[in-house]
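Before any comments, here is the structure.
The values are calculated or read from the model by the stated rules, or taken from the named source; none is laboratory data. Remember, predicted model here, so these are calculated numbers, not experimental data. Because the Cβ atoms are built from the backbone with ideal geometry, glycine has one as well, and the counts that use them run over all protein chains shown.
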């Protein structure tokens, strides 16, 4: 069994290594601190599972699924992220990830996610499963319009995530290395797609899908 941890935070990486050592003592665990480094490793070795932080340096958002599998077809991928799983899980699963789990999840849930994927299944948390269901049916079981969050582009989702963290336009621009007027444009698109007028309405709308 071989695992590749694509993770740049030393403490998180240490935790992953400890979990794998406890539950898969015979496994070989490699790691990459940047996305390009992960691609270089995949050119040299084959792995049973890649555990990917979507905020990895050099990363390319949802395109990473396709790029990783160009290096190793059939590679199983578990997204392990600090980003809000209720916002980010669906687009990454649609892009080809086999599972999505929050970095705040307990150890037992992480192991369950890993084993589910190794057993050729897929994994999302119970909360995300409920969002998927609510995207298609209402309480009476009738089909409905769906979760508007899934209509956002990767950058729009990132801007929305930072907005929900209380960041101002100037702060978001600095974090994303974009111009303030570009961020303002993204915010207008988010408001339009989410059908809200301000940050308060946006927070309430997001809460409906949590």
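Structural remarks
- Residue list for segment 189-206, filter: under 14 Å from residue 168 (Cα atoms), assigned to a helix (DSSP H, G or I) and without any contact (Cβ under 8 Å) to a residue 24 or more places away in the chain: 200
- Residues satisfying the criterion are absent from segment 56-65 (criterion: more than 27 Å from residue 176 (Cα to Cα) and either assigned to a helix (DSSP H, G or I) or in contact with a strand residue (DSSP E or B) (Cβ under 8 Å, 6 or more places away or on another chain) (or both)).
- Annotation note: Cβ proximity below 6 Å between a residue of segment 109-134 that is at pLDDT below 90 and a residue that is assigned to a loop (DSSP other than H, G, I, E, B) (sequence gap 6+ or interchain) occurs for 122/98; 131/209.
- Among the conditions (1) buried (at least 19 other Cβ atoms within 10 Å of the Cβ); (2) out of contact with any helix residue (DSSP H, G or I) (no Cβ under 7 Å at 6 or more places or on another chain), the only one that residue 78 does not satisfy is (2).
- Contact annotation: no residue pair with Cβ atoms under 8 Å, 6 or more positions apart or on different chains, pairs a residue in segment 18-45 that is farther than 28 Å from residue 106 by Cα and not assigned by TED's automatic domain parsing to the domain that holds residue 65 with a partner that is assigned to a helix (DSSP H, G or I) and at pLDDT 95 or above.
- Of everything in segment 176-210 that is under 15 Å from residue 166 (Cβ atoms) and modelled with pLDDT of 90 or more, the residue that is surrounded by the most Cβ atoms within 10 Å (Cβ to Cβ) is 183.
- Segment 4-34, residues that are in contact with a strand residue (DSSP E or B) (Cβ under 7 Å, 6 or more places away or on another chain), over 14 Å from residue 81 (Cα atoms) and in a helix (DSSP H, G or I): 17, 20
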